[in-house]
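Undergrad: Quick one: this structure, given as structure tokens, is what I'll be asking you about.
Just so it is clear, none of the values below were taken in a lab; they were calculated from the coordinates. Predicted model, so just to flag it, every value in this text is computed and none were measured. Cβ atoms come from the backbone with ideal geometry, glycine included; neighbour counts cover every protein chain shown.
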Amino acid sequence: MKKVFASLLVAVLLPFAAVAANYEEGKQYTKVSENLSKKPEVREYFSFYCPHCLRFEPFFATLKKKLPENVAFERNHVDFLRAASPEIQFLVTKALVTAQQLNVEEKVVAAIFNYIQVQRAAITEEKDVRNLFVLNGVDGEAFDKAFKSFAVNSKAKLMKKKQTELVQKRALTGVPTVVVNGKYRINVDKLDRNNFEQDYINLVNYLVALDSAS
């Protein structure tokens, strides 16, 4: 019986060990906090004003599908790019949170990216954001209620707080940047350039399980 149990344990741990052998703290990933997020998460820090972020959208859609069921993929919009004022960028952060609250995140994210980067249009006030939602099938009154709600304002401020904490540590200097479980940042320049997407996915899933496995 002991031999059977030992064999099963090896079978479970060997794949994890094989992946772990490929990754090293300070190389492929950096610890940016000693504290884990309350729930398992993969958080993308991005900006609608960042062309590179737009190019990464299809990959992150794939990554999201490759995560364990209990792991949330969370977008966190930042407001430190120079393409617009911090106030306007925070307005767009609220638009993202509103879309999440109304369960239209994917549709509205694509619409905002298109508006800013393809149409080269500028968001200058709340009305511009509202029009984007309405054009994508959201009732205007539902938008107004959600956009001004305590839940949306609180979550938008929390996104700002998370961003600021990482910026102050110089752990967030550009986008897109991914942080796993609030603790580990992916260092994309250290990943396998010949197998980049799969290496990225493997690393994220390794980090998701890292603390629970230790």
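Undergrad: So how far apart, in nm, are the two label points at Gln117 and Ala72 if each is 7 Å from Cα heading toward Cβ?
TA: With each label placed 7 Å out from Cα toward Cβ, I get 2.5 nm.
Undergrad: Mind ordering 162-170, 73-81 by average Cβ neighbours within 10 Å, highest first? Could the numbers behind the result be given before it?
TA: Details: 162-170: 14.6, 73-81: 19.9.
Descending packing order for the listed peptides: 73-81, 162-170.
Undergrad: Still on this structure: Using the structure shown, select from Lys31/Lys169; Lys27/Lys160; Lys157/Lys190; Lys31/Lys190 the pairs with a Cα to Cα distance greater than 21 angstrom. Walk me through the intermediate numbers first.
TA: On the way: Lys31/Lys169 11 Å; Lys27/Lys160 27 Å; Lys157/Lys190 32 Å; Lys31/Lys190 15 Å.
Where the Cα-Cα span goes over 21 Å, the pairs concerned are Lys27/Lys160; Lys157/Lys190.
Undergrad: Roughly speaking, what is the centre-to-centre gap between segment 148-180 and segment 75-94 when only Cα atoms are used, to the nearest Å?
TA: Here the two parts' Cα centres lie 10 Å apart.
Undergrad: Relative to the longest principal axis of the chain, what angle (0 to 90°, nearest 10) does the C-alpha long axis of helix 126-135 take?
TA: 70 degrees
Undergrad: From the C-alpha gyration tensor of segment 82-135, pull out the three semi-axes of the equivalent ellipsoid (sqrt of 5λ each), sorted largest to smallest, in whole Å. Before the final figure, lay out the partial values.
TA: Numbers: eigenvalues 55, 33, 19 Å².
Equivalent ellipsoid of segment 82-135: 17, 13, 10 Å, largest first.
Undergrad: Another question, then. Can you show me the helix-derived [θ] at 222 nm for the chain, built from DSSP H runs with n ≥ 4 at -39,500 (n - 2.57) apiece and divided by the number of residues, rounded to the nearest 500.
TA: Working: 8 runs with 114 residues, N = 214.
-17000 deg cm²/dmol, from helical runs alone.
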